[in-house]
Amino acid sequence: MKTRAAVVIALAGLAGAAWAGGRMKPGKYEIVMSREMNGQKMPPRTETKCMTEKDGDPKDLVKKMQRDPSCQMSNLVESGNKISFDMTCPKDGGKGHGEIVIAGDELTMTVTMDMKSPSGTQMSFATNVHSKRVGDCP
């Protein structure tokens with residue numbers, strides 16, 4: 001569960017930016033995150049966040065998702081307006097895949113993760129994020 005929480009927290013920061021030419025476009029973003037756990041949908045969460053150019057590029061931010069030192073990111077591939085990656089977390093028996101698609105001032109991200117709970121029960125998580133630039137920061 002700690003791994004899942006770390007991934008979701010990192011997703012909120014990661015999804016707050018859209019990139020042009022490999023760099024984010026600074027501004028104010030509306031971020032809508034929806035999650036599912038074992039097929040059960042959770043209420044979506046919406047927030048607004050100001051992003052600056054120093055917040056980094058998408059590949060660096062994907063790597064920051066690796067908050068649990070036992071987790072490993074792999075297969076980080078950037079192709080056109082898409083970035084994909086895999087993640088394994090041996091501590092929780094977790095395996096996942098993520099994909100980010102950037103289109104102008106919008107970013108869509110999907111991450112799926114399967115892992116075992118502390119009791120050994122198999123769990124599945126899906127997180128979908130849509131981020132859209134809504135203006136300049138104050």
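Laboratory data are not the source of any read-out in this text; all were calculated from the coordinates shown. The structure displayed is predicted, hence computed values, not measured ones. So basically every Cβ, Gly included, is an ideal-geometry build from the backbone, and we count neighbours across all protein chains shown.
For a quick protection proxy, order the peptides 111-122, 26-37 by their average other-Cβ count within 10 Å, most packed first. Don't jump to the answer; show the numbers that get you there.
On the way: 111-122: 13.5, 26-37: 17.2.
By packing density, highest mean first, the sequence is 26-37, 111-122.
Normalise the Debye intensity by I(0) for segment 62-137, one equal point scatterer per Cα, no solvent, then take log10 at q = 0.11 Å⁻¹ and round to two decimals.
-0.34
Would you kindly state how much longer the chain becomes between Q72 and K25 on full extension, computed as 0.36 nm times their sequence separation minus their alpha carbon distance, in nm to one decimal?
Values: separation 47, 0.36 × 47 = 16.92 nm, distance 2.82 nm.
Working it through step by step, the gained length comes to 14.1 nm.
What list of ³J(HN,Hα) couplings, whole Hz, do you get for segment 106-123 from phi and the Karplus terms 6.51, -1.76, 1.60, once you set θ to phi - 60° and write x for glycine and proline?
Computed from phi, the couplings for segment 106-123 are 10, 9, 10, 9, 10, 10, 10, 8, 10, 7, 9, 6, x, 7, x, 6, 6, 10 Hz.
Rounded to the nearest 0.05, what FRET efficiency do T121 and N81 give with R0 = 41 Å and r taken as the Cβ-Cβ distance? Could you check? Present the calculation step by step, with values, prior to reporting the outcome.
Details: r = 37 Å, r/R0 = 0.91.
The computed FRET efficiency comes out at 0.65.
Quick check: residue separation of E36 and K95 times 0.36 nm, minus the Cα distance between them. What number comes out in nm?
Numbers: separation 59, 0.36 × 59 = 21.24 nm, distance 1.59 nm.
Once the chain is fully extended between E36 and K95, it gains 19.6 nm.
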